[in-house]
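Trainee: Handing you this structure, nothing more for now.
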Amino acid sequence: MRSWLTRNVRVLSAVSFLQDTASELLYPLLPIYLTTVLGAPAAVVGAVEGAAEGAASLTKLAAGPLGDRFARRPLIASGYGMAALGKVMVAAATAWPGVLAGRVVDRLGKGIRGAPRDALLVADVDEAARGRVFGFHRAMDTLGAVVGPLLGLAGYELLDHQIAPLLWVAVVPAVLSVALVFLVRERRVVPRGARRAVFARVRDLPGGYWRVTALVVGFGLVNFPDALLLLRLNEIGFSVAEVILAYVGYNAVYALSSYPAGLAADRFGRSAVFGVGLVFFAIGYAGLGLTTDALTAWLLIGAYGLFTGCTDGVGKAWISSLVGADLQGSAQGVFQGLSGFAILAAGLWAGFMWGDDGSLPLLISGVAGAVLAIVVLGWRYRVGTATSSSSAKGGAPTPATE
């Protein structure tokens, strides 16, 4: 057993797999359920998801610093418990406001658990192996995003296109994920000064951290939600089943590439792998903005999966290497919360500019992604290196700590 593959990494990866299976079973079906079963207008779909993601982003900002002040496992258990409760509320809803409430509770749980979980993932793990840790975790999490939609599609066909029973099916893996959290171990040693006020902890985050965060959050402003990419596929001519399968294909590529990307980030530098991911983003977005060919669209969805595989876990590992052990929760919480708000803003402007086929916002984002890729790849040995080495309490900077 490799030293980085700790008990907590294994357990929390299994927890994320089960929770994502539940979440992604619902994700492609919920818009159809809201509009065709509950009779909600299309605008409600956007309002529900916007409110849910906004709630998650806001909660992340507070949950990370709280995880540095108090025990992390109760926060993680509470977050996954709220996510399971939210899915029960969605399944029991008889009108769209009930779905809205359930989705907000679900995403509040996501916001509470995310940063404390990511901080606990790297506890007792060498800094040089954190790319592998986050890569493995993202691979397991995203495997759930492959299994979930496939279960949903199979259940949709087996249950004669009845969506309501599937909403209850999603509750089962969600509840199992909560039970697994109690296998997590936390050796709680409160560092000196860790019980200061939350905002004092945030102010302690170093300059290198803020430079990387500003760069990634700035990119988030052109990285709009995946639902709009699925809409583009439908506009190209994909059927509902083909859209779901394309989403499965994207997640499969994402899952398969996450661990190799994390391993490469540990060896060659996190900013380098992140920059390569931005190249795939530019190809995927600009290509989908230009093509109307179904085969080409399938290939571009694969490129988009490589983008997420090269940036999601790698970005978290990059952030974790810029601060010490006493600031891991604060660093992840602020980074993930601000990134969530940026993606929410991207969804708003892209939706406003979507027009008949979405080609314009896709091209704008693709070009912006290409420019940012050049910036990151050209700047790889400058961003945050000095701060990373000082926050680690000594030692020469290395490409892996970018």
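The values are calculated or read from the model by the stated rules, or taken from the named source; none is laboratory data. Remember, it's a predicted structure, so these values are computed and weren't measured experimentally. Positions of Cβ are generated from backbone atoms using ideal geometry, with glycine treated the same way; all protein chains shown enter the neighbour counts. The accessibility values were calculated without ligands, DNA or RNA, using every heavy atom of the protein model including side chains. Shrake-Rupley method; radii C 1.70, N 1.55, O 1.52, S 1.80 Å.
Trainee: Per residue, how much accessible area does the chain show when a 1.4 Å probe rolls over the protein heavy atoms, in square angstrom?
Mentor: Per residue, the chain has 39 Å² of solvent-accessible surface.
Trainee: Sticking with this one: Can you quote the Å³ per residue value for the convex hull of the Cα atoms in segment 25-130, rounded to an integer?
Mentor: Spelled out: Cα convex hull of segment 25-130, divided by residues, is 107 Å³.
Trainee: Rank by packing, highest mean first: peptides 108-114, 265-271, with packing defined as the count of other Cβ atoms within 10 Å averaged across residues.
Mentor: 108-114, 265-271
Trainee: Explain nothing, just the number: dipole magnitude of the chain about its Cα centre with +1 on each Lys and Arg Cβ and -1 on each Asp and Glu Cβ, in debye rounded to the nearest 20.
Mentor: 2020
Trainee: Additional query: Using a Gaussian network model of the chain with C-alpha springs under 10 Å, which one of 308, 36, 21 is most mobile by mean-square fluctuation?
Mentor: Maximum fluctuation in the GNM of the chain, among the listed residues, is at 36.
Trainee: Within the chain, how many lysine pairs that are 8 or more places apart, or on different chains, have C-alpha atoms less than 25 Å apart?
Mentor: 6
Trainee: To test your reading of the geometry: what angle, between 0 and 90 degrees and rounded to tens, separates the Cα axis of helix 328-352 from the longest principal axis of the chain?
Mentor: So the helix axis and the longest Cα principal axis differ by about 30 degrees.
Trainee: On a 0 to 90 degree scale, rounded to 10, what angle separates helix 7-26 from the longest Cα axis of the chain?
Mentor: 20
Trainee: Still on this structure: So how tilted is helix 72-92 from the main axis of the chain? Cα-based, degrees 0 to 90, rounded to 10.
Mentor: 10
Trainee: Please give the contour-minus-distance gain from residue 168 to residue 69: 0.36 nm per residue of separation, less the Cα-Cα distance, rounded to one decimal in nm.
Mentor: So the chain would gain 32.0 nm between residue 168 and residue 69.
Trainee: For segment 95-141, what is the Kirkwood hydrodynamic radius in Å, using each pair of distinct C-alpha atoms?
Mentor: Here the Kirkwood hydrodynamic radius works out to 12.6 Å.
Trainee: Take the solvent-accessible surface of the protein heavy atoms, probe 1.4 Å, and return the percent of it on the chain that carbon and sulfur atoms account for.
Mentor: C and S fraction of accessible area: 69 percent.
Trainee: Now a separate question. Based on the Kirkwood radius over alpha-carbon pairs, what value in µm²/s does the Stokes-Einstein equation return for the translational diffusion coefficient of the chain at 4 °C and 1.567 mPa s?
Mentor: The estimated diffusion coefficient comes to 61 µm²/s.
Trainee: In deg cm²/dmol and to the nearest 500, what is the mean residue ellipticity at 222 nm of the chain if only DSSP H runs of at least 4 residues count, each as -39500 (n - 2.57), divided by the residue total?
Mentor: Result for the chain: -25500 deg cm²/dmol, rounded to the nearest 500.
Trainee: Return a whole-number percent for the relative contact order of the chain, with Cα pairs under 8 Å and 6 or more residues apart as the contact set.
Mentor: Relative contact order for the chain comes out at 26 percent.
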